[in-house]
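Below is one structure; the comments refer to it alone.
The values are calculated or read from the model by the stated rules, or taken from the named source; none is laboratory data. This one's a predicted model, so the numbers in the text were calculated from it and none came from an experiment. Note: ideal-geometry Cβ built from the backbone for every residue, glycine included; neighbour counts use all protein chains shown.
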Amino acid sequence: MHDFEFKSKHALNFLEEGHKVKAVVMFKGRELAYTEKGTELLTRFIESAGELAKVESPIKMEGRNMNVILVPAKVKKLK
């Protein structure tokens, strides 16, 4: 639980600065049988971003990894 909050807070900081974020869940061994857990985790991450970000690339499997790409909802203007 703490790890999720820690990582998501850092990802939200990147989004606030105007950067893209790619969230990845890696499956090892027999964990591949429980991909719905990875989908739940990434969905929770998307919801935690709220209106700060929007999904550029939806949740998808690539080999043993499941990922999603978020982009900032608003582009930060340079001064």
Q) Can you tell me which residues in segment 11-20 are more than 13 Å from Ser48 (Cα to Cα) and not basic (Lys, Arg)? A) Phe14, Glu16, Glu17, Gly18, His19
Q: Only residues that are hydrophobic (A, V, I, L, M, F, W, C) and either surrounded by 13 or more Cβ atoms within 10 Å (Cβ to Cβ) or part of a helix (DSSP H, G or I) (or both): list them for segment 17-34, please.
A: Val21, Ala23, Val25, Phe27, Leu32, Ala33
Q: Please enumerate the residues belonging to segment 21-56 that are within 10 Å of the chain's Cα centre (by Cα) and of a type outside the set (A, V, I, L, M).
A: Lys22, Thr43, Arg44, Phe45, Glu47, Ser48
Q) Which members of segment 35-79 meet the condition of being surrounded by 13 or more Cβ atoms within 10 Å (Cβ to Cβ) and of a type in the set (S, T, N, Q)? A) Thr35, Thr39, Ser48, Asn67
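Select, from Lys20, Lys28, the only residue that is under 25 Å from Gly63 (Cβ atoms), touching an Asp or Glu at 6+ places or on another chain (Cβ under 9 Å) and not polar (S, T, N, Q). Break it down into steps so the answer makes sense when it comes.
Working: Lys28 fails: touching an Asp or Glu at 6+ places or on another chain (Cβ under 9 Å).
After ruling out the rest, the residue left standing is Lys20.
Being acidic (Asp, Glu), more than 19 Å from Asp3 (Cα to Cα) and touching a strand residue (DSSP E or B) at 6+ places or on another chain (Cβ under 7 Å) is the requirement here; does Glu56 meet it? Reasoning before the result, please.
Numbers: acidic (Asp, Glu): yes; more than 19 Å from Asp3 (Cα to Cα): yes; touching a strand residue (DSSP E or B) at 6+ places or on another chain (Cβ under 7 Å): yes.
In short, yes.
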Q: Go over the candidates Phe14, Phe27 one by one and state the one that is aromatic (Phe, Trp, Tyr) and modelled with pLDDT of 95 or more.
A: Phe27
Q) Residues in segment 35-63 that are farther than 20 Å from Leu12 by Cβ, in a helix (DSSP H, G or I) and free of Cβ contacts under 8 Å to residues at least 24 places away in the same chain: how many? A) 2
